[in-house]
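Below: the structure, in structure tokens.
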Amino acid sequence: MEALRFFLAFAVAVVSLHAALGAFRLAWGEPTAERWAAAGTWLALLVASWVAAGYVVYAADRRSGRVRRRVAVYERWAARRGGKWP
């Protein structure tokens, strides 16, 4: 299940990277508010999917005891979930 979560987040990141680059190219060529909004939305999705993929990898490493230095953002995220790791 963990591998599936990672590959899903990674696939979303790859698709959104492609879409964000295309959207920014269009927005830069003919700048309109809608094009910039679309580009920003794709960029937000790209960042969110990168963070999600990183969280899944961090959680797996933390459970196996391979984390040398804790990442505060991921630790807070897990704390909000009641200390449960995926």
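Per-residue 3J(HN,Hα) values for the stretch 35-40, derived from phi via the Karplus relation 6.51 cos²θ - 1.76 cosθ + 1.60 with θ = phi - 60°, read 5, 5, 5, 5, 5, x Hz in sequence order (x marks Gly and Pro). In the chain, once you exclude exposed trypsin sites (Lys or Arg not before Pro) (DSSP loop, at most 11 other Cβ within 10 angstrom), what's the longest stretch remaining? Formally, the longest exposed-site-free interval is 1-65.
Once Lys and Arg get +1 and Asp and Glu get -1 on their Cβ, which of Ala27, Ala72, Val51 lies farthest toward the positive end of the dipole of the stretch 2-80? Projecting each Cα onto the dipole axis, the largest value belongs to Ala72.
Count Lys and Arg as plus one, Asp and Glu as minus one, and take only other residues whose Cβ is under 13 Å from that of Val67; the net charge is then +4. Taking θ as phi - 60° and the Karplus parameters 6.51, -1.76 and 1.60, the scalar couplings of the stretch 48-54 work out to 5, 6, 5, 5, 5, 5, x Hz in sequence order, x denoting glycine and proline. Derived scalar couplings between HN and Hα for the stretch 62-67 equal 5, 5, 8, x, 9, 8 Hz in order, rounded to whole Hz, by the Karplus curve 6.51 cos²θ - 1.76 cosθ + 1.60 (θ = phi - 60°), x for Gly and Pro. Distance between the modelled labels on His18 and Asp61, one decimal in nanometres: 2.8 nm (7 Å Cα→Cβ projection).
Using C-alpha pairs under 8 Å with a sequence gap of at least 6, the mean separation divided by the residue count of the stretch 19-86 gives a relative contact order of 24 percent. Computed from Cα atoms, the angle from the helix 2-29 axis to the main principal axis of the chain rounds to 20 degrees. Stokes-Einstein diffusion for the stretch 2-80 at 10 °C, viscosity 1.306 mPa s, with a Kirkwood radius from C-alpha pairs, works out to 113 µm²/s. Computed extension length for Trp28-Arg69: 10.8 nm, one decimal, from 0.36 nm per residue of separation with the Cα-Cα distance subtracted.
Entry note, the chain: the mean residue ellipticity at 222 nm calculated from DSSP H runs of n ≥ 4, each adding -39500 (n - 2.57), is -28000 deg cm²/dmol after division by the residues and rounding to the nearest 500.
Here, each number is a calculation from the coordinates, and none is a lab measurement. For clarity, every value in this text was computed on a predicted model and none was experimentally measured. Note: ideal-geometry Cβ built from the backbone for every residue, glycine included; neighbour counts use all protein chains shown.
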